[in-house]
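The values are calculated or read from the model by the stated rules, or taken from the named source; none is laboratory data. Quantities reported herein were computed from a predicted structural model and do not represent experimental measurements. Backbone-built Cβ (ideal geometry, glycine too); neighbour counts: all protein chains shown. Note: areas computed on protein heavy atoms with side chains; ligands, DNA, RNA excluded. Shrake-Rupley method; radii C 1.70, N 1.55, O 1.52, S 1.80 Å.
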Amino acid sequence: MQQINISINGKQFHLLATEHETLAHLIREKAGLTGTKIGCEEGSCGACTVLVDGKAVLSCITPALRCDGSEVTTIEALAKDGKLHRLQELFVEKGAIQCGFCTPGMVLTALSLAPALIRETDSSALIRKVKEGLSGNLCRCTGYKKIIEAVAGYVKEISATTVSKSSPFKPAHAIKGGVGIPRPYLEAEKKVRGAAEYADDIVLKNSLHCKFLRSIHSHARIEHIDVSEAMIMQGVHYIATGREIPGKFGVLPISQDETAIAVEKVRYAGEIVAAVAADTEEIAAEACRLIRVKYKPIREFLTIEDSLNDAGENERIHETGKFNNNIHKKAELRFGDQQQGIKEAEFTSKMSFEFEGLSHGFTEPHAATAYWDENGLTIITATQVPHYLHRALAKVMEVPLSRVRVIKPYLGGGFGGKSDPFPHEIIVSHLSRKTGRPVRVRLSREEVFLTNHGRHPSKMTVEMGISGEGTIKVLDADVAIDGGAYGSFGVVTSYYNGVLLQAPYKLDNFGFRTYRVYTNKPQCGAMRGHGAVNSRFAVESLIDDLAIKIAMDPCELRMKNFLDSNTLTVGQYRITSNGSRESLQKVMDLSGWKDRRGKLEKGRGLGVACGFFISGSALPIIWNELPQSVVHLKLDFDGRVLVTSGSSDIGQGSDTMLAIIVSEVLGIGMDKIFVLAADTLLTPVDFGSYSSRVTFMAGNAAKDAALILKKEITEALVIKHNINPGELNFSDDRIYSNDTTTNLSWMEAVEILTAKRGAVSVSGKYISPKLGGDFKGAGAGLSPSYSFGACIAEVEVDMETGYVKVTDVWGAHDCGKALNPLAVEGQLEGSWHMGTGQAISEQMKYYKGLLLNNNFLEYKIPTSVDTPDIHASIIETIDPEGPFGAKEAGEGAIHPVIPAIANAIFNATGVRITSLPVSAEDILAKMKENHLAE
Amino acid sequence: MLKGKTYIKASTAEQALSLARENNGRVRYFAGGTDVMVNRFQGNDLADLLIDISEIQALKEVFASDETLAIGSLISLDDLAGHSTVCDHFPVLAEAVKSVASPTIRKTATLGGNLLCGNRCSYFNQSEWWREASGYCLKSSGPVCLASGGSKHCFAKFVSDMAIVLISLNACVELLDFSGTSIKPLESIYTGDGMAPRGISPESIIKAIRIPLNHHISSVYKKLRKRATLDFTSLTTAVSVKKAGSIRIVLGGVHAKPVIVDGKAGDDLKALAAAAVSQSRIVDNDTYSRKYRKDMIIVFLERSFKELQLG
Ligand SMILES: Cc1cc2nc3c(=O)[nH]c(=O)nc-3n(C[C@H](O)[C@H](O)[C@H](O)COP(=O)(O)OP(=O)(O)OC[C@H]3O[C@@H](n4cnc5c(N)ncnc54)[C@H](O)[C@@H]3O)c2cc1C
Ligand code: FES
Ligand code: FES
């Protein structure tokens, strides 16, 4: 230990630092400034950027001792006298902040970049330089577009010789109006200041730290675990092994196949075998190294083929299935007559596809703290599904549901990757119970990759047939997905790969079969666009191929086959509003499709694709009669409406969405609304942030609650003022009758309402209508509403290296009604960024069951310079049942962009992409083959 | 977590050297630290004594004489790319700098550190847990190379991008070690053995990089990687041509050391490119396949020749 004197944000600190401690650790753990985030610890994400003596540095790879005598500036120092720095204001105004985890690093990087760009007068050169300057900072939410706008805007402002009067900054809650007004998230200011607390930022007094020992084998029996040497280490408080918490769990009631710590055997390399609670992270890690485990490796199953086959003499991964193989789930549905469909089709196309697994890549690693007190267990954790975690914890800890409290702090992104109950959450709960102290855990980026639950690697053969006029006659899909070691959402994923092909096109003869297999790899689960991203890719590629076969414009072919609004699909999905045509038309117009396609220079190409997605599942995961979402409102003497909801804002903006809805119904400003979500002690149940359900379901529950409150207020006023209830208007913080004889301020109305009664609490709910057919499997993919959309992508392919650059994406998405257009755009831009990654660079690569690229350097998320120019259009169709007409906007948009890119590559090179990510090498090889064939 | 015991800042090269002497050379110099810190995080660098040399001002200067441009080894990559003397003489250096790591890293990373940045392999640059689970590759003291499927020779790839372009410019390094100061061709400090890629004693300090002037060199630099930023090289090529007619081709990322092919105006360019390919030792330790990287050598070199208007 060495004492250092370091000035952080102008304050002198005298701190003891260990010789090889990082600056990030010192700032967060010793100076207590948690605005500086840690995303990778390896210099590959930029989240930890701070300024040292004015220079931007990555604090995760800077030794603390180097900064002895230095002045460090962290995000917390930027706002002065309660006022944000202008750059921070622009981040807020432009909507550049979603989950906000990358924001502190982004802002500081931009701040150190800006002065050098002042002389850049050319707008496009400025944008290019901003992109370059930010290219070491990963953002997984925004697609960078709004961040770049904010930074370029700032540079322009500071470059201007004359001070142009930009309108003064308005905090989000001061922006007037409700539905349809673009606004930043309510908490954007807090995030941009570095004041929003994420799970690892909340440090409880007296906490112990937890670290895990993970299996080095993919499939092995655990013969013996010896913790004796580790246990006697100074600072070690408890070491847990699997037998202590043998309770099984899993997000779906039908796949409760996982234990928190491996019991008897391990099923993937990286599975937790023991957990240590100790005074510090270092001690816990050192103790893990002292634990001796004796394994007996058994044959591992690593590929889909391996697992489909009979296991022979070998031990299966799970001993549950009827047959002697490792198939987890088989799903099959058939509608119409596919044989007949093939006969009727004049042109058919059949292709096989292969997709690598993907990671969500959220920037905030999982983290949690658990403690026990007189109220039972409390856990503060980065989760998308507080409710399911609540249930899983009660089950495995063997306590009543009433003794578990799950608190969701701010989340640094999820994308499906935080939507299961996780072993680490259960383990810290257990360790805390055993030690009587709060226990903290924070996963490294490698551990996040090992925890996985990402997109399933998949293989599929899909066939389609069309008539000579271009009517789709048949669609048949045969799909196999690689689930990894456990179930997760896999049963749903299996169905979604098939059922979510029954729109957006009319189909009479449609069928699919999906196998999900267990393999000895980290488990797969739900990821943005859940289940149907890969099979959608296949279908949109086939349509492209068929369009060529019948010499029809692929847009025209799609237009011809779209389902109408207010119709049923072949599998009895109820389609309400449907903006497919408008979406496609929009992107055709904006991209110049008709004029430009086929006329581009060599190596460039345009491609199109469409898609659709559910707005929440109509059926709950756990069968019961609870509403899918409940929202409570409480209005007290202070005129403030407290909105409590169990829904989980993970950076997508759902808290703000709830406030907008309440504001719209009651005609009051955001300054009178406070959203509390989610804390399972205080907030009513919502099933969580998955399957794009929150706006539709929690939004509807909020609307229901607000309408009830409105009725309460109306009734109180009717009695007091003796007026006709139908004549009352709620708007602009006033309540007035048509003839304005009654004309009250909000506070006056509140006084009347609360007189002799006090605070008024109301409860609203959403229950999905009964939908769908009565055949087995009819429930899969049923949703009260579906979103639709289209993308056109432009690519530039280097004809000698095969390198693909996606230059532009024009996308349009029918979200029913954009409650907050700024947030919807953000979701779309983020989806198209993520889809670009899946298309061109992201994949999880394995070496014998070991993930090779478990870090942000080798798992290649597109940076600001790899992300195409994104042109987003919002299409509004007003869904009859959505809150103010709204449908989902967070997931569906990712479906069309990936095949659009592949179809653009075909257009540029004549090479049909059948495996993802696109490989430069394959493109070259196939171009050569095509050339030879000519 | 980081392990180890001491961290000392040296204010002169001589002081750093004497600290190294006192500790029998068992030290790790620490310049920007952008490579060292990551290696330490992964448990690949366990040195207990870190000597931070980044504050040695004397090693940050740039001098141009009539014959030589001498660049202090501790200049940050960012400052190097913005240095007018350097850019006037060798614009290709700025271009190469901009292909290294990320803009923020380049503010801290130094030129000297870049030249000695560790060789990389998908089986080696992993956590301790990972290396154990994989059975330890040769470079991690295991029995065989995993990337090649069993070879007894390590070809962890050479990734310093700056070395490639500097060697093409016939740069030398000025070294300080226990026996004093010496000047050597840059390429001579690389062994080609992925296990021990540096041919200099551990206490050696690179003081400066010296590039001969007045050769009227034109150079073309290229780098293959998946993303247009952040990524280490999958193949780096630099081709420099002197007015007097000599051609120097240098490849990075395809061997445990830089691959060098010297030629002259009028040589069969195809033969030069073929020689470069045949000298490379590519193993599957990268996101791109072996075959692809090999094929790209030819594509990159042909493009470079064209841009240099050779042949
Ligand atoms: C995300 C990321 C991406 C990267 N991408 C690239 C890339 O694209 N291309 C690339 O080339 N590198 C890349 N790097 C590696 C590294 O950042 C650079 O090579 C950098 O230039 C190293 O310089 P440094 O000063 O930080 O070296 P350090 O980490 O300080 O040192 C590196 C090595 O050199 C030794 N050393 C340093 N200076 C001297 C000296 N003067 N005399 C003797 N020994 C010395 C050290 O002891 C150590 O062994 C990347 C790193 C990260 C984290
Ligand atoms: S946490 Fe420092 S760069 Fe990612
Ligand atoms: S807002 Fe950038 S990572 Fe979430």
Only one of A:Gly811, A:Gly849, A:Gly802, A:Gly837 is open to solvent by less than 10 Å² (accessible area, probe 1.4 Å) and away from every other protein chain (no Cβ under 14 Å), namely A:Gly811
Residue under evaluation A:Tyr495, criteria (1) in contact with a Gly (Cβ under 9 Å, 6 or more places away or on another chain); (2) buried (at least 24 other Cβ atoms within 10 Å of the Cβ), criterion not met
(2)
Filtering segment A:860-878 down to residues that are in contact with a helix residue (DSSP H, G or I) (Cβ under 7 Å, 6 or more places away or on another chain) and within 14 Å of chain B (Cβ to nearest Cβ) yields A:Ile861, A:Pro862, A:Ser864, A:Val865, A:Thr867, A:Pro868
Just checking, how many residues over segment A:435-454 are in a helix (DSSP H, G or I) and either in contact with a helix residue (DSSP H, G or I) (Cβ under 6 Å, 6 or more places away or on another chain) or away from ligand 1 (no atom under 16 Å from the Cβ) (or both)?
6
Does B:Asn119 meet the test of being near ligand 1 (Cβ under 9 Å from one of its atoms) and crowded, with 24+ Cβ neighbours inside 10 Å?
no
Do we have any residue at all in segment A:473-488 that's among the aromatic types (Phe, Trp, Tyr), closer than 30 Å to A:Lys37 by Cα and at pLDDT 95 or above?
no
Any idea which residue in segment B:48-80 is farthest from ligand 1 (Cβ to nearest atom), counting only those that are within 12 Å of chain A (Cβ to nearest Cβ) and in contact with a Phe, Trp or Tyr (Cβ under 9 Å, 6 or more places away or on another chain)?
B:Leu49
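With respect to A:Pro184, determine if the residue is more than 30 Å from A:Val236 (Cα to Cα) and open to solvent by 30 Å² or more (accessible area, probe 1.4 Å).
So A:Pro184 does not fit the description; no.
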Does segment A:442-452 include one or more residues that are within 16 Å of ligand 3 (Cβ to nearest atom), of a type outside the set (Gly, Ala, Ser) and either in contact with a strand residue (DSSP E or B) (Cβ under 7 Å, 6 or more places away or on another chain) or within 14 Å of another protein chain (Cβ to nearest Cβ) (or both)?
yes
Just to confirm my filter: which strands (runs of 3 or more DSSP E) fall fully inside segment A:705-766 and include at least 3 residues that are touching a His at 6+ places or on another chain (Cβ under 8 Å) and in contact (Cβ under 8 Å) with a residue 24 or more places away in the chain?
A:760-766
Of all residues in segment A:336-375, how many are in contact (Cβ under 8 Å) with a residue 24 or more places away in the chain, assigned to a loop (DSSP other than H, G, I, E, B) and away from ligand 1 (no atom under 16 Å from the Cβ)?
13
Would you be able to say whether some residue in segment B:90-106 is away from every other protein chain (no Cβ under 14 Å) and open to solvent by 20 Å² or more (accessible area, probe 1.4 Å)?
yes
If you go through segment A:277-295 one residue at a time, do you hit one that is closer than 24 Å to A:His209 by Cβ, touching a Ser or Thr at 6+ places or on another chain (Cβ under 8 Å) and crowded, with 22+ Cβ neighbours inside 10 Å?
yes
If I filter segment A:629-645 down to residues being in contact with a Gly (Cβ under 8 Å, 6 or more places away or on another chain) and open to solvent by less than 10 Å² (accessible area, probe 1.4 Å), which single residue comes out as nearest to ligand 1 (Cβ to nearest atom)?
A:Ser629
Within segment B:262-308, residues more than 14 Å from chain A (Cβ to nearest Cβ), without any contact (Cβ under 8 Å) to a residue 12 or more places away in the chain and outside any helix (DSSP H, G or I) come out as B:Asp268
Which of the helices (runs of 4 or more DSSP H) found entirely inside segment A:38-150 contain at least 2 residues meeting this: within 14 Å of chain B (Cβ to nearest Cβ)?
A:103-117, A:123-133
What are the residues in segment B:33-63 that are within 16 Å of ligand 2 (Cβ to nearest atom) and at positive phi, if any?
B:Gly33
Hey, could you check segment B:107-116 for residues that are assigned to a helix (DSSP H, G or I) and within 11 Å of another protein chain (Cβ to nearest Cβ) and say which is least open to solvent (accessible area, probe 1.4 Å)?
B:Thr108
Regarding segment B:23-31, can at least one residue be identified that is part of a loop (DSSP other than H, G, I, E, B), of a type outside the set (Val, Ile, Thr) and at the interface with chain A (Cβ under 9 Å from one of its Cβ atoms)?
no
Within segment B:21-32, residues being crowded, with 24+ Cβ neighbours inside 10 Å and either under 17 Å from A:Glu21 (Cβ atoms) or within 16 Å of ligand 2 (Cβ to nearest atom) (or both) number 2
Residue that is nearest to ligand 3 (Cβ to nearest atom) [pool: residues in segment A:103-121 that are of a type in the set (Val, Ile, Thr) and farther than 24 Å from A:Pro184 by Cβ]
A:Ile118
Mind checking which residues of segment A:400-444 are open to solvent by less than 10 Å² (accessible area, probe 1.4 Å) and within 16 Å of ligand 2 (Cβ to nearest atom)?
A:Gly412, A:Gly413, A:Leu443
